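Notes for the one structure printed next.
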Amino acid sequence: MNAIAAPAGRKPLAAARSVLSYVLVTPARNEGALIENTIRSVIAQSVLPLRWLIVSDGSTDDTDAIVRRYASQYPWIELLRLPEREDRQFAAKAYAFNAGYERLKNLPFDVIGNLFPAQWDPKLGIHVT
């Protein structure tokens with residue numbers, strides 16, 4: 001059986017595995033208030049992504065510093081910094097996701113996830129963006 005490279009601290013998965021391998025892309029612009037809890041949530045998962053690319057789309061707050069701190073501890077987390085744009089539009093999230101996908105597309109993953117920074121809403125009992 002062939003083994004698939006696993007994130008640091010995890011055992012490689014066999015080719016005939018029952019768990020799908022996945023990567024994540026998180027478009028993030030000025031998400032300093034939310035990104036740390038989002039990172040902690042992913043780190044706590046029992047099946048970690050092969051790679052998690054957090055795409056800072058011109059952030060001017062502490063988003064990049066927070067992501068860099070965690071990326072230095074977890075080699076499967078990576079920051080991709082895009083230049084700041086003057087025009088802000090909804091399509092910016094799509095552009096950021098596509099930039100992340102371009103960086104990840106050659107990895108051997110089964111599923112790609114688009115994860116937005118979120119905060120816990122105790123009244124609803126869910127994470128909201």
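Just so you know, all these numbers are worked out from the coordinates, no wet-lab data involved. Note that the coordinates shown come from a computational prediction; the quantities given were computed from them, not determined experimentally. With ideal geometry, Cβ positions are generated from the backbone for all residues, glycine too; neighbour counts draw on all protein chains shown.
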Overall form of the stretch 29-128 per C-alpha gyration tensor (a/c, 1.5; a/b vs b/c): rounded
Leading residue at positive end of dipole, the stretch 30-94 (Cβ point charges), from T63, L48, L80: L48
Net charge, E31 excluded, C-beta distance under 13 Å - Lys, Arg +1, Asp, Glu -1: -3
Amide H partners (placed H, <5 Å) of G32, local residues excluded: D62, T63
